[in-house]
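Undergrad: Can you read through this structure? Questions will come right after.
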Amino acid sequence: MNITSFLQVIDDIEMLIANISYHRTIGVNNFLVADRGTSGEDRDRLMAVAEQENVRVFESDIADTPDRLHALADYRLRAYRRAFEEFDSDWCLFSDLDEFWAPRSGTLDSIGDAITSDVITVPRYNAVPKNQPLPDKSGRMLSHEEMLQQEVFAQPKPQNERIFLSIPDLRWIEYAVAPKFMSRVRDVRFVHQGFHGVDCDQEVRRSIATDLALVHFPFTTLEKFSAKVNTIRHHLEQTENSDQKFAAVHWRRWATLSDSDMVAAEYQSQHFPPERLADYRARRIVQTVGQVLESHDRDAP
């Protein structure tokens, strides 16, 4: 199975390197990286990454037009198709730099749903923030075995837009996040915002993965979170105010963090005291990825 991962990068080259390194170990053959605006040292480091085997980088050419939403939709569709064409891929994964795929077996080419499906929706879980950032300063990346031991919010609270935008000390990390997907459908009609799914003109076989999860690390260090907030704010400033309602609700929340103190407070609020974590573990709100995948197996028809 020839598998390609499509990724986008603006500034976190360290996470890109870790992402590529980890996913090679679970069976990803190729990496197509869209450069969404790196500069300076980050640009130089990205060009060094592009010299790795089976890694290709292209500059995204999102048109600077008043119809920003249409331009972004067109970019996503072209990027989706390019992911298949660049490496003649059988399957393509669509996720972000801070998202790591965790197949129960240890390899993507043994996923059961890949035999009977064309588009596989993959549940995504927020990782419990740790004191040790991912990746750490040494550049060491988690192994697959360690990824299965990573704790996540296995029973997240349902999303509520009003709550997200109105409660200052809310712990966003506890709430549900939309899934991502992998696909072998080469020609699609529309790619959803954030690469969360696709619409197809033809009938395709869809499934929800039971032996695969996506682990999301949104809060690794305050420095990285601050950079993310700045990137989000810049993105929304490029979009007309009337279009901001189409942005993810947590993006809109974070764009209102007007100074470094507010950003730091938001970051710190995602971390939990030991007694709260112990209670969440006892109630299975927090589980390891391995436990989550075991429960998927028990719940499967």
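What follows draws every value from the coordinates through simple rules; no lab data is involved. For clarity, every value in this text was computed on a predicted model and none was experimentally measured. When we count neighbours, we look across all protein chains shown, and the Cβ atoms used for this are built from the backbone with ideal geometry, even at glycine.
Undergrad: Please order 172, 251, 101 by the number of other Cβ within 10 Å, starting at the fewest. Present the calculation step by step, with values, prior to reporting the outcome.
TA: Details: 172 21, 251 17, 101 27.
Ascending number of Cβ neighbours within 10 Å: 251, 172, 101.
Undergrad: Now for a different question. Could you give me the ³J(HN,Hα) list for the stretch 21-31, computed from phi with Karplus coefficients 6.51, -1.76, 1.60 and θ = phi - 60°, whole Hz, x at Gly and Pro?
TA: After applying 6.51 cos²θ - 1.76 cosθ + 1.60, I find 4, 5, 6, 4, 6, 10, x, 7, 8, 9, 9 Hz.
Undergrad: Before anything else, pin down the relative contact order of the chain: Cα pairs under 8 Å, at least 6 apart, normalised by residue count, whole percent. Provide the component values of the computation, followed by the final result.
TA: Numbers: 491 pairs, mean separation 67.7, N = 301.
Relative contact order comes out at 22 percent.
Undergrad: Rank the residues 258, 105 as a footprinting-exposure proxy: fewest other Cβ atoms within 10 Å of their Cβ go first. Please list the in-between numbers first.
TA: Numbers: 258 9, 105 15.
If I rank by nearby Cβ atoms, fewest first, I get 258, 105.
Undergrad: Next question, about the same structure. For the stretch 69-207, would you read off the P(r) tail past 18 Å as a percentage of all alpha carbon pairs? Walk me through the numbers before you get to the answer.
TA: Details: 6288 of 9591 pairs.
The calculated P(r) of the stretch 69-207 puts 66 percent of pairs beyond 18 Å.
Undergrad: Got a sec to turn the phi values of the stretch 157-171 into Karplus ³J(HN,Hα) couplings, 6.51 cos²θ - 1.76 cosθ + 1.60 with θ = phi - 60°, whole Hz, x for Gly and Pro?
TA: Calculated HN-Hα couplings, in order: 6, x, 5, 8, 4, 4, 5, 4, 8, 10, 9, x, 9, 5, 8 Hz.
Undergrad: Same structure, new question: Provide, in order from the shortest bin, the percent of all Cα-Cα pairs of the stretch 73-116 in each 5 Å bin, continuing until the bin that contains the maximum pair distance.
TA: Answer for the stretch 73-116: a P(r) of 5, 16, 21, 23, 23, 9, 3, 0 percent.
Undergrad: Continuing with the same structure: Given a cut-off of 24 Å, what percent of all Cα-Cα pairs of the stretch 1-159 lie beyond it? Before the final figure, lay out the partial values.
TA: Numbers: 5006 of 12561 pairs.
Here the long-distance tail beyond 24 Å is 40 percent of all Cα pairs in the stretch 1-159.
Undergrad: Please build a GNM for the chain, connecting alpha carbons under 10 Å apart, and tell me which residue among 30, 230, 126 fluctuates the most.
TA: Of the options given, 230 has the highest mean-square fluctuation.
Undergrad: Taking the chain, how much of its Cα-Cα pair set, in percent, is spaced more than 25 angstrom apart? Kindly include the intermediate steps, with their values, before the conclusion.
TA: Details: 22220 of 45150 pairs.
That tail contains 49 percent of the Cα-Cα pairs.
Undergrad: Let me ask something else about it. Only Cα pairs within less than 10 Å get springs; with that Gaussian network setup on the chain, which residue of 283, 81, 43 has the largest fluctuation?
TA: Largest GNM mean-square fluctuation: 283.
Undergrad: Could I ask something else about it? Counting DSSP beta bridges in the chain, what percent are antiparallel, to the nearest 5?
TA: 45
Undergrad: Let me ask something else. Taking the number of other C-beta atoms within 10 Å as the exposure measure, put 38, 116, 4, 107 in order starting with the fewest. Don't skip to the answer; put the middle values down first.
TA: Numbers: 38 21, 116 9, 4 25, 107 15.
The fewest-first ordering by Cβ neighbours comes to 116, 107, 38, 4.
Undergrad: Another question about this same structure. What residue among 262, 141, 182 has the largest mean-square fluctuation in a Gaussian network model of the chain, using Cα springs under 10 Å?
TA: Ranking 262, 141, 182 by mean-square fluctuation puts 262 first.
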